[in-house]
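Down below is the structure, laid out as structure tokens.
Each value in this text was obtained by applying a stated rule to the coordinates, not by laboratory testing. A quick note: this is a predicted structure, and the numbers were derived from the prediction, not measured. Positions of Cβ are backbone-derived with ideal geometry, glycine not excepted, and every protein chain shown enters the neighbour counts.
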Amino acid sequence: MTDSTRTPNGELQIRTVAMPADTNPNGDIFGGWVLSQMDIAGGVAAHQRARGRVATVAVDSMTFHRPVFIGDVLCCYTHIERVGRTSMTIKIEAWALRREPGPRVLVTEGVYTYVAIDTERRPRPVDAAC
């Protein structure tokens with residue numbers, strides 16, 4: 001399935017514009033910036049599902065498909081794949097809306113694991129409000 005026929009999987013969590021300060025030495029957007037935006041999006045979804053504080057414990061997989069450019073609008077979509085007793089696994093897709101007219105493109109996707117934590121930063125059951 002090509003990007004032109006594929007649509008994002010999950011719920012839109014965040015949208016942000018890639019700025020010149022976010023570039024690597026080659027002039028493209030730094031991959032670490034994309035990862036951090038994806039982590040923010042996953043954290044929003046995890047916080048909502050856990051009804052409280054969460055912490056990122058792992059980036060289980062990550063694939064960079066295409067570069068992100070200055071001026072692109074990065075849109076991060078999340079889908080909860082698994083919920084355990086204290087943790088959850090969230091699939092995150094990052095799509096770019098390019099400055100030039102055209103379809104959005106899948107630029108990065110990954111799977112992150114979050115754990116629900118209490119006020120003492122210890123794991124707590126996902127279904128127990130903090």
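General observations
- Hits in region 26-44 (condition: surrounded by fewer than 18 Cβ atoms within 10 Å (Cβ to Cβ) and of a type in the set (Gly, Ala, Ser)): Gly27, Gly31, Gly32, Ser36
- Only listed residue being under 21 Å from Arg15 (Cα atoms), among the hydroxyl-bearing types (Ser, Thr, Tyr) and either out of contact with any Phe, Trp or Tyr (no Cβ under 8 Å at 6 or more places or on another chain) or in a loop (DSSP other than H, G, I, E, B) (or both), chosen from Thr119, Thr63: Thr63
- Lone unmet requirement of (1) in contact with a strand residue (DSSP E or B) (Cβ under 8 Å, 6 or more places away or on another chain); (2) outside any strand (DSSP E or B); (3) within 30 Å of Ala116 (Cα to Cα) for Val68: (3)
- For Phe30, the criteria (1) out of contact with any Ser or Thr (no Cβ under 9 Å at 6 or more places or on another chain); (2) free of Cβ contacts under 8 Å to residues at least 24 places away in the same chain; (3) farther than 29 Å from Glu120 by Cα hold in every case but one, which is (1).
- So Gln48, is it closer than 17 Å to Gly10 by Cα, outside any loop (DSSP other than H, G, I, E, B), polar (S, T, N, Q) and free of Cβ contacts under 8 Å to residues at least 12 places away in the same chain: yes
- Some residue of region 33-40 being of a type in the set (D, E, K, R) and part of a loop (DSSP other than H, G, I, E, B): no
- Here Tyr114 meets each of (1) buried (at least 19 other Cβ atoms within 10 Å of the Cβ); (2) on the phi > 0 side of the Ramachandran plot with one exception, condition (2).
- Residues (crowded, with 16+ Cβ neighbours inside 10 Å and part of a loop (DSSP other than H, G, I, E, B)) located in region 71-97: Asp72, Thr86
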